[in-house]
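Q: Take a look at the following structure, please.
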């Protein structure tokens, strides 16, 4: 029974993964879904390091990129019939190469966690990104390398020319990878990774080598990052230096952190939100990176445990059945907060565009006239004041919802 | 050969001193708060952009004076309203905060100033060759850069070791509780040091902007190098940062100026490889090509064999 209950979440996850392209079946949606599942695997592999193992890495894209590069080389080998196997196995090749890189780099970088580890990962990340431009026969220089995924043997009549076919391949791989990453957290090695993260000294006293524990997490993380890289290679059929440099490493840190590090589901949320922002917001505004930066800083400052942490904060209120107490104050705060955000976005966009008319939420605003500015500023100010006022109420409601009932206290 | 060597040395020293201006602030901030400020190079970039905008109205010298001040105030505000809040969530959150800040500053700069390179020029006053050696000119501006950097270095040394403020700062680094008990406002000292460190970074940006070009990627170019310096020198060690800055400046300068490479080494050893050898890239590599990689190679080696850096203290 317990097993059924546990596996029901996984079955739901699998159904969601496989069912999504039936609901969102446009070409754009499929391409976003593809990016999403790749990002989920990558962000989860990063969480193995930082969230589970307490190792802050600034060079995680190395394993993603190396896995991706080897996968594209494998595609090229298949194309020229040097080797013949189904492209379904490509992510595994990427993963194995990520694992190899993890074993090699982890052998000397996992001695210490903390700042030393962070710096080594930064150094290695820069080193490999810079060398990839030097060794152009393997990395293809700045142009990168490209392959073609349609040359492998057919799989039940599919030649994988369509993105949707690749989505199903990626979804199944992502499901397997996610399942194994979850199972890893339940193994003794995964449990010890948490222990070493929280208190390496104590873990050493019980007789575990914290270095070895870190090393195991590190290698596993490299493996799954490599799988993500292999999926990337299958999806885009090309890969460049950009996929293993610091920008990609930074993006995965952002995803995992915004989603919530301490929770298994956190990076999944982060990956979904960021991919959506990346693909949808960039259609509407060229300033989306600026919004992303602001959102990231606000998350670090006000939601240090990320979105998942914010959801989990309500656990006690939920168990006590007090969620209904919170709904009204939340709505009262959310409306002016939303208004303020919209005004702020309008102000930012208006100071950026050069057109005479600014189309915003069905309104036609005139950025040249000071009246527009004054009105929006006034609304923003009012909304800000309303948020500040309503926060007091929200705080009171929060206290009541989480308060220990009288009889329990006694 | 001698001429190449002398100019490589001079340029290396200019870069080295410039790097020290960034590294000194970074290492001071680290020893106070235990946090590596990822956004440090972003403040350097802000310095260059502010100076560019100010120079349009007040000329170069106006920018030189006011831009670092503005950057310093901004830095202090970031510490007061950002970092101090995040401090409660631990070191990782602080590191991630500064990382996000670097990201945000880069985007904000593109928002306010645009993506293109700014035409930030050296002042006319310094637009002449300082001296000519072997028919090659050394510009007065580079001399000026070096002079400012050395002046800052000396001033910093005196302030930190001789002045009362410096002594309080040094005490606050090691014994914040005691200093607080003696009636000093330690959070204010932290804010001041953060502001001063970022102002120094801003000053470095002001004087480097015209030479290293003012564009939105300039923080990324220097950012990780400054990190490398602080770590190689030993976290929290000012003297170590000084040595490492000069070391990296000279190393890169020599590597770029030299023209030796693997082919020379192979010739010396009497080995030769076919062009179609799979590792052809490795056998044809030369030093200028790998110059950008050298600092990181050094970083990884130092961290593996001497994790405390050159002059770092033993870890507890």
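The values are calculated or read from the model by the stated rules, or taken from the named source; none is laboratory data. Everything numeric in this text was worked out from a predicted model, so none of it was measured. Cβ: placed from backbone, ideal geometry, glycine included. Neighbour counts: every protein chain shown.
Q: Which one of these is more than 18 Å from the chain's Cα centre (by Cα) and at pLDDT 90 or above: A:192, A:181?
A: Details: A:181 fails: more than 18 Å from the chain's Cα centre (by Cα).
Being more than 18 Å from the chain's Cα centre (by Cα) and at pLDDT 90 or above holds for just one of A:192, A:181, which is A:192.
Q: Check B:173, B:154 and return the single one that is closer than 17 Å to residue B:193 by Cβ and in a helix (DSSP H, G or I).
A: Of the residues listed, the single one that is closer than 17 Å to residue B:193 by Cβ and in a helix (DSSP H, G or I) is B:173.
Q: Among the numbered criteria (1) surrounded by fewer than 24 Cβ atoms within 10 Å (Cβ to Cβ); (2) touching a strand residue (DSSP E or B) at 6+ places or on another chain (Cβ under 8 Å), which single criterion is violated by residue B:59?
A: (2)
Q: Any residue at all in segment B:57-72 that's more than 13 Å from every other protein chain (Cβ to nearest Cβ) and closer than 23 Å to residue A:289 by Cβ? So that I can check it myself, show each step before the final result.
A: Step one: list which residues in segment B:57-72 are more than 13 Å from every other protein chain (Cβ to nearest Cβ), which gives B:57-72.
The next check asks that each one be closer than 23 Å to residue A:289 by Cβ; those that pass are B:71.
Yes, segment B:57-72 contains at least one residue that is more than 13 Å from every other protein chain (Cβ to nearest Cβ) and closer than 23 Å to residue A:289 by Cβ.
Q: Considering each residue of segment A:109-154, count those that are at pLDDT 85 or above and surrounded by fewer than 19 Cβ atoms within 10 Å (Cβ to Cβ), and give that number.
A: Total satisfying the criteria: 1.
Q: Restricting attention to segment A:127-176, which residues are in a loop (DSSP other than H, G, I, E, B) and either without any contact (Cβ under 8 Å) to a residue 40 or more places away in the chain or within 14 Å of chain B (Cβ to nearest Cβ) (or both)?
A: Once the filter is applied, which keeps residues that are in a loop (DSSP other than H, G, I, E, B) and either without any contact (Cβ under 8 Å) to a residue 40 or more places away in the chain or within 14 Å of chain B (Cβ to nearest Cβ) (or both), segment A:127-176 yields A:135, A:140, A:154, A:156, A:157, A:159, A:161, A:162.
Q: Within segment A:311-334, does at least one residue satisfy the condition of being in contact with a strand residue (DSSP E or B) (Cβ under 7 Å, 6 or more places away or on another chain) and either surrounded by 14 or more Cβ atoms within 10 Å (Cβ to Cβ) or modelled with pLDDT under 80 (or both)?
A: Looking through segment A:311-334, none of the residues is in contact with a strand residue (DSSP E or B) (Cβ under 7 Å, 6 or more places away or on another chain) and either surrounded by 14 or more Cβ atoms within 10 Å (Cβ to Cβ) or modelled with pLDDT under 80 (or both).
Q: Could I ask something else about it? Among the residues of segment A:314-333, is there at least one that is in contact (Cβ under 8 Å) with a residue 24 or more places away in the chain, within 14 Å of chain B (Cβ to nearest Cβ) and not in a helix (DSSP H, G or I)?
A: Checked segment A:314-333: no residue is in contact (Cβ under 8 Å) with a residue 24 or more places away in the chain, within 14 Å of chain B (Cβ to nearest Cβ) and not in a helix (DSSP H, G or I).
Q: I need the full set of residues from segment A:70-85 which are away from chain B (no Cβ under 14 Å) and either closer than 28 Å to residue A:121 by Cβ or under 25 Å from the mean Cα position of the chain (by Cα) (or both), in order please.
A: A:70, A:71, A:72, A:74
Q: Hey, another quick one. Inspect segment A:67-81 for any residue being more than 18 Å from residue A:238 (Cα to Cα) and either crowded, with 24+ Cβ neighbours inside 10 Å or modelled with pLDDT under 90 (or both) and give the result as yes or no.
A: Narrowing segment A:67-81 to residues more than 18 Å from residue A:238 (Cα to Cα): A:81.
Next, from what is left, pick out any that are either crowded, with 24+ Cβ neighbours inside 10 Å or modelled with pLDDT under 90 (or both): A:81.
Looking for residues that are more than 18 Å from residue A:238 (Cα to Cα) and either crowded, with 24+ Cβ neighbours inside 10 Å or modelled with pLDDT under 90 (or both), one finds at least one in segment A:67-81, hence yes.
Q: Could you look through segment A:86-114, keep only residues that are within 14 Å of chain B (Cβ to nearest Cβ), free of Cβ contacts under 8 Å to residues at least 24 places away in the same chain and part of a helix (DSSP H, G or I), and pick out the one that is farthest from residue A:238 (Cα to Cα)?
A: A:108
Q: Residues of segment A:368-388 being closer than 17 Å to residue A:353 by Cβ and part of a helix (DSSP H, G or I), which ones?
A: A:370, A:372, A:373, A:376
Q: Looking at segment A:298-310, which of the residues that are under 24 Å from residue A:347 (Cα atoms) and surrounded by fewer than 19 Cβ atoms within 10 Å (Cβ to Cβ) is nearest to the other protein chains (Cβ to nearest Cβ)?
A: A:301
Q: Further question on the same structure: Can you name the number of the only condition in (1) on the phi < 0 side of the Ramachandran plot; (2) away from chain B (no Cβ under 11 Å); (3) surrounded by 17 or more Cβ atoms within 10 Å (Cβ to Cβ) that residue A:260 fails?
A: Residue A:260 satisfies every listed condition except (1).
Q: Would you be able to say whether some residue in segment A:363-373 is surrounded by 13 or more Cβ atoms within 10 Å (Cβ to Cβ) and touching a residue at least 24 places away in the same chain (Cβ under 8 Å)?
A: Yes, the conditions are met somewhere in segment A:363-373.
Q: Kindly check whether there is at least one residue in segment B:234-248 that is surrounded by fewer than 17 Cβ atoms within 10 Å (Cβ to Cβ) and either touching a residue at least 12 places away in the same chain (Cβ under 8 Å) or more than 11 Å from the chain's Cα centre (by Cα) (or both).
A: yes
Q: Determine, yes or no, whether residue A:195 is touching a helix residue (DSSP H, G or I) at 6+ places or on another chain (Cβ under 6 Å), closer than 30 Å to residue A:26 by Cα and away from chain B (no Cβ under 14 Å).
A: When the stated conditions are applied, residue A:195 does not pass them.
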